[in-house]
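Colleague: My questions all concern the structure below.
Laboratory data are not the source of any read-out in this text; all were calculated from the coordinates shown. Everything quoted here is computed from the prediction, not taken from an experiment. Methodologically, a virtual Cβ is constructed for each residue, glycine included, from the backbone with ideal geometry; neighbour enumeration extends over all protein chains shown.
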Amino acid sequence: MLNIEPHAEGVVIAVKVSAGASRDRILGEYAGALKLSVSAAPERGKANKAVCALIAKTLGIPKSAVSVISGETSRDKKLLVRGLDDASVARRRLLPPADSPRRVNQNPTA
């Protein structure tokens, strides 16, 4: 299950990022986090900006409403999405359909 937590300003979403990919896209869920790939290089905050832009575009909100609150130099990050107060809305909008070939639903312990 995707780890989305309530926050006073919105919701916090756990993400796992692969930077330097061929394109920006949401791959699905992986170990409770939203797995993404971004084409930006992981240098000087470029990948973080690309992650925030991808989430904002997917949710149809301004880029300024998404920020990295932890894990700025790590693949594992937590994003604050301002203006969303219902975690189930974020889940429905962020994850591809269950039968989609894009969906990654792996259990890293199996």
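Colleague: Amide H neighbours of residue 35 under 5 Å, at least 5 residues apart or on other chains, H built in the peptide plane: list them.
Modeller: Residues meeting the amide H criterion: 16, 27, 28, 29, 30.
Colleague: Sticking with this one: Exactly which trypsin sites (Lys or Arg not before Pro) in the stretch 1-76 are in a DSSP loop and have at most 12 other Cβ atoms within 10 Å? Write out the running numbers ahead of the final one.
Modeller: Values: sites: 16, 23, 25, 35, 44, 46, 49, 57, 63, 75; in loops: 23, 44, 75.
Of the trypsin sites (Lys or Arg not before Pro), the ones in loops of the stretch 1-76 whose Cβ has at most 12 other Cβ atoms within 10 Å are 23, 44.
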